[in-house]
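Engineer: First the structure, which I've put down as C-alpha cells, then a few questions once you've had a look.
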Amino acid sequence: MKKRYSVIIVSPDNSQKPRQIEFTLTVKKILIAAAALFFLAVSLLAIANVAQASYIKEVQRKIAYSEALEKEIAAKKLEIDRLNGITDLINADLQAIAEYESEINSVLDLPSPAGAAPELSRGGSGEREAPVAASLDEAAVQVAAYTQSMKEIYSASLAFNETLRHLPTIYPTKNGVLSSGYGYRSNPFGGRSSEFHDGVDFSCPIGTPVYAVAAGTVISSSYESGWGYKVTISHGNGIVTFYTHNSRNLVQAGAVVDKGDLIAYSGNSGRSTGAHLHFGASVNGVSVNPLSFYESKD
Ligand SMILES: [Zn+2]
C-alpha cells in the first residue's frame with residue numbers, strides 16, 4: 001500500500017469545518033524540493049543583493065577617487081605653471097651669468113669655456129652663448145655647468161691676483177719727485193763723460209718711507225760701495241727691483257714682503273749727489289727702465 005500523508009487545516013475560531021488534505025509521498029518530495037528550490041532562490045537573491053551593494057560601494061569609491069584625481073591634476077597644472085615660471089627666472093639668471101662669465105673671462109684674459117653644456121651651446125668657437133633651459137632638469141644641468149665654470153674662474157682669479165701681487169704696480173715712494181730718468185746721462189758728478197743710469201731717481205727728504213713695489217723675497221739688504229744702503233727684492237717671474245742710497249734698511253735678506261710693505265727709509269748714502277731714492281729693476285737679469293712697469297700695456 002502507498003504511504004499517504006494528510007494535513008488537517010483548522011480555523012482558529014472553529015467557525016469553519018476542519019479540512020483535511022491528503023497527499024502521497026511523491027507529493028511530499030515535490031513539496032520539499034520546491035521548498036528547497038525556493039530557499040535556494042532566496043539565498044541567491046540575497047547573495048546577489050550583497051554583491052550589488054558592494055559593487056555600488058566600489059563604483060562610488062572610484063567616482064570619489066576620480067574626483068580627487070581631477071582636483072589633484074588641476075593643482076598639478078598650477079604647479080607646472082609655477083615651475084615653468086621658475087624655469088624662466090632661472091633662464092634670465094643664466095643669461096646674466098653667461099654675460100658676467102664672458103666679461104670676467106675677458107678681464108682675466110681667459111679662454112671661454114667651450115662646452116660646459118655642449119648640447120645647448122651654439123656656435124662653438126670661443127664665445128659660449130647663453131643657454132636656454134627648457135625645463136628645470138636642464139636648468140639644473142646648466143647651473144651645475146656654470147658652478148664648475150665659476151670654480152675655474154675663481155682659481156684663475158686667484159692666480160691672476162697672485163701674479164698681480166708680484167708685479168710692480170705701485171711706486172716705491174709716495175711723495176718723491178722724479179728727478180732723473182733711466183739710461184745714459186751726463187755724469188752728475190761733473191766732467192764730460194756720460195754714464196748709464198741704471199734706474200730712476202726720486203728726489204725726497206732723508207727718512208722718506210720706501211715701499212716694496214710688489215710682493216717678493218728680499219735677496220739682499222746691505223751697504224754696498226757706490227749704492228750705499230741697498231735693498232734688492234726678487235718678485236718672481238725673473239723680476240727684481242732694488243732701492244738704494246737709503247739712510248736705513250728695515251728688512252733683512254730672506255724676508256718675505258708684500259706689495260706696499262715699508263722696507264727702508266730714503267737717504268743719501270753711497271755715491272750720491274743729494275737726498276734721493278734710486279729705484280732700479282731688471283727682468284731675467286737684464287736691466288730695464290722700472291717706469292716701464294707702470295706704462296699701460298695696451
Ligand atoms: Zn740714481
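Engineer: Residue by residue through the stretch 270-290, note down the ones that are at pLDDT 95 or above and touching a strand residue (DSSP E or B) at 6+ places or on another chain (Cβ under 6 Å).
Structural biologist: His276, Leu277, His278, Phe279, Gly280, Ala281, Ser282, Val283, Val288, Pro290
Engineer: Where residues in the stretch 146-177 are surrounded by 13 or more Cβ atoms within 10 Å (Cβ to Cβ) and within 16 Å of the ligand (Cβ to nearest atom), which of them is farthest from the chain's Cα centre (by Cα)?
Structural biologist: Of everything passing the filter in the stretch 146-177, Gly176 is farthest from the chain's Cα centre (by Cα).
Engineer: With Tyr223, Tyr229 as the choices, which residue is touching a residue at least 24 places away in the same chain (Cβ under 8 Å), more than 12 Å from the ligand (Cβ to nearest atom), more than 19 Å from Glu162 (Cβ to Cβ) and in contact with a Ser or Thr (Cβ under 6 Å, 6 or more places away or on another chain)?
Structural biologist: Tyr229
Engineer: In addition: Anything in the stretch 142-163 that is aromatic (Phe, Trp, Tyr) and closer than 18 Å to Gly236 by Cβ? List them, or say none.
Structural biologist: Taking the stretch 142-163 as the starting set, the residues that turn out to be aromatic (Phe, Trp, Tyr) are 146, 154, 160.
The answer is Phe160, and nothing else.
Engineer: Oh, and also: Pick from the stretch 195-216 the residues that are assigned to a loop (DSSP other than H, G, I, E, B) and within 14 Å of the ligand (Cβ to nearest atom): which of them is surrounded by the most Cβ atoms within 10 Å (Cβ to Cβ)?
Structural biologist: Here is the first cut: in the stretch 195-216, the ones assigned to a loop (DSSP other than H, G, I, E, B) are 198-199, 204-208, 212-215.
Add one more test, that the residue is within 14 Å of the ligand (Cβ to nearest atom), and what stays is 198-199, 204.
On the way: Asp198: 18, Gly199: 24, Cys204: 22.
So the residue we want is Gly199.
Engineer: Given (1) closer than 30 Å to Met150 by Cβ; (2) in contact with a helix residue (DSSP H, G or I) (Cβ under 8 Å, 6 or more places away or on another chain), where does Asp88 come up short, assuming only one miss?
Structural biologist: Here Asp88 meets the rest and fails (2).
Engineer: Within the stretch 131-142, which residues are aliphatic (A, V, I, L, M) and crowded, with 19+ Cβ neighbours inside 10 Å? Walk me through how you get there before you give the answer.
Structural biologist: Just the residues of the stretch 131-142 that are aliphatic (A, V, I, L, M), to begin with: 132-134, 136, 139-141.
Listed by number, the residues that qualify are Ala133, Ala139.
Engineer: Here's a follow-up. If a residue must be without any contact (Cβ under 8 Å) to a residue 60 or more places away in the chain and under 17 Å from Phe293 (Cβ atoms), how many such residues does the stretch 232-260 contain? Lay out the reasoning, then the answer.
Structural biologist: Just the residues of the stretch 232-260 that are without any contact (Cβ under 8 Å) to a residue 60 or more places away in the chain, to begin with: 232-234, 238, 240, 242, 244-257.
The next check asks that each one be under 17 Å from Phe293 (Cβ atoms); those that pass are 232-234, 238, 240, 242, 257.
Summing the residues that are without any contact (Cβ under 8 Å) to a residue 60 or more places away in the chain and under 17 Å from Phe293 (Cβ atoms) in the stretch 232-260 gives 7.
Engineer: Further, regarding this structure: Residues of the stretch 19-41 being farther than 12 Å from Arg4 by Cα and aliphatic (A, V, I, L, M), which ones?
Structural biologist: Once the filter is applied, which keeps residues that are farther than 12 Å from Arg4 by Cα and aliphatic (A, V, I, L, M), the stretch 19-41 yields Ile30, Leu31, Ile32, Ala33, Ala34, Ala35, Ala36, Leu37, Leu40, Ala41.
Engineer: Among the residues of the stretch 19-47, write down those that are closer than 20 Å to Ile8 by Cα and hydroxyl-bearing (Ser, Thr, Tyr).
Structural biologist: Initial filter on the stretch 19-47 (closer than 20 Å to Ile8 by Cα): 19-32, 35.
The answer is Thr24, Thr26.
Yes/no matrix, rows are residues, columns are (1) surrounded by 16 or more Cβ atoms within 10 Å (Cβ to Cβ); (2) part of a loop (DSSP other than H, G, I, E, B); (3) touching a Lys or Arg at 6+ places or on another chain (Cβ under 7 Å):
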{"site": "Val218", "(1), (2), (3)": "yes, no, no"}
{"site": "Val240", "(1), (2), (3)": "yes, no, no"}
{"site": "His245", "(1), (2), (3)": "yes, no, no"}
{"site": "Gln252", "(1), (2), (3)": "no, yes, no"}
{"site": "Gly280", "(1), (2), (3)": "yes, no, no"}
{"site": "Ser292", "(1), (2), (3)": "no, no, no"}
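The values are calculated or read from the model by the stated rules, or taken from the named source; none is laboratory data. Everything quoted here is computed from the prediction, not taken from an experiment. Neighbour counts run over all protein chains shown; Cβ positions are idealised from the backbone, glycine included.
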